[in-house]
Every structure is written in structure tokens, then in C-alpha cells.
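Below is one structure, written out as C-alpha cells; comments come after it.
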């Protein structure tokens, strides 16, 4: 017997704002039959195939310290550095630049509430670095 992962839950100060940010980052969408609205205490996003879900829930506490769990993202197309510019425009901030000579490495970023996530190289860049 095994367990199935239902969804990943992210504690948030503003679940709706977080769902809007992450929907733009990932290209995921809310359930059209149960849309996320301003003031909702829980906001769910679904991957395009519907198999992955992120749930943002309102909690009264601000984030304190380093995340114990974070998301690692790869550009769906283009380069890591081009994707970085898009994410910054959406409201992410750079926490740490961990790029390596030769093109490898990653960026540690934070979403608008300070939750860290990493931006890796694209599959094409990864193959080129070897």
C-alpha cells in the first residue's frame, strides 16, 4: 500500500494574491466551476493536465525562517536567464545567484510572501552544459 499526493499546500497571508502570482508563474489555472476570489481563505490551482495541484490557504502567521520545502522550476521554453526576467516582472525577487561558470547553476528566488523557490536551467541548457 502507498499514499497518493493530493496536492501541495502553501500557507499564505493572502491566498488569493499568492494564487494569482503562481498561476502566472506556472501557467496553471483555477477550477472554472469554483473560481478563486479575493478574500477566499483557500485558493486551488491545477496544472494543465489536472494531475498536479497547489492549494494556498490563509494563515495568520508570517513566514519565519527558511522554507523546509521548496519548488524547483525549469523554463518550459527559452533560457533560465530569460525566465528570470519574466519572474521578476511578476513580482519574484532574487535571494541568491548560484550560477556557475560555464552556464550551470540556478537562482534562488522568493515569491511576494518570501517563500523561496529555485529557477534551474532549461533542458536544452542542461544538455549543452553536459
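The values are calculated or read from the model by the stated rules, or taken from the named source; none is laboratory data. Treat the numbers as computed from the prediction; the structure is a model and nothing was measured. Here the Cβ is made from the backbone with ideal geometry for all residues, glycine too, and neighbour counts use every protein chain on show.
Considering only the range 115-130, state which residues are surrounded by fewer than 14 Cβ atoms within 10 Å (Cβ to Cβ) and either in contact (Cβ under 8 Å) with a residue 24 or more places away in the chain or closer than 25 Å to residue 23 by Cα (or both).
Within the range 115-130, 123, 124, 128, 129 qualify.
Among the residues of the range 72-96, count how many are in contact (Cβ under 8 Å) with a residue 40 or more places away in the chain and closer than 18 Å to residue 13 by Cβ.
Residues in the range 72-96 being in contact (Cβ under 8 Å) with a residue 40 or more places away in the chain and closer than 18 Å to residue 13 by Cβ: 3 in total.
Counting only residues that are on the phi > 0 side of the Ramachandran plot and out of contact with any strand residue (DSSP E or B) (no Cβ under 6 Å at 6 or more places or on another chain), which one in the range 61-114 is surrounded by the fewest Cβ atoms within 10 Å (Cβ to Cβ)?
Top of the filtered list is 65.
When you look at residue 101, is it more than 22 Å from residue 119 (Cα to Cα) and either out of contact with any helix residue (DSSP H, G or I) (no Cβ under 6 Å at 6 or more places or on another chain) or without any contact (Cβ under 8 Å) to a residue 12 or more places away in the chain (or both), yes or no?
Judged against the criteria, residue 101 is not a match.
Could you tell me whether residue 69 is modelled with pLDDT under 95, part of a loop (DSSP other than H, G, I, E, B) and within 20 Å of residue 108 (Cα to Cα)?
Yes.
If the requirement is being part of a helix (DSSP H, G or I), more than 29 Å from residue 4 (Cβ to Cβ) and modelled with pLDDT under 95, which of these qualifies: 62, 127?
127
Check off (1) surrounded by 15 or more Cβ atoms within 10 Å (Cβ to Cβ); (2) in a loop (DSSP other than H, G, I, E, B) for residue 10 and give me the number that stays unchecked.
The number of the failed condition is (2).
For residue 78, state whether it is modelled with pLDDT under 95, outside the structural domain of residue 22 (by TED's automatic domain parsing), touching a helix residue (DSSP H, G or I) at 6+ places or on another chain (Cβ under 8 Å) and not in a helix (DSSP H, G or I).
Answer is no for this residue.
For every residue, the table says whether it meets (1) in the same structural domain as residue 82 (by TED's automatic domain parsing); (2) in contact (Cβ under 8 Å) with a residue 12 or more places away in the chain; (3) in a helix (DSSP H, G or I); (4) within 15 Å of the chain's Cα centre (by Cα).
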residue	(1), (2), (3), (4)
18	no, yes, yes, yes
24	no, yes, yes, yes
39	no, yes, no, no
51	no, no, no, no
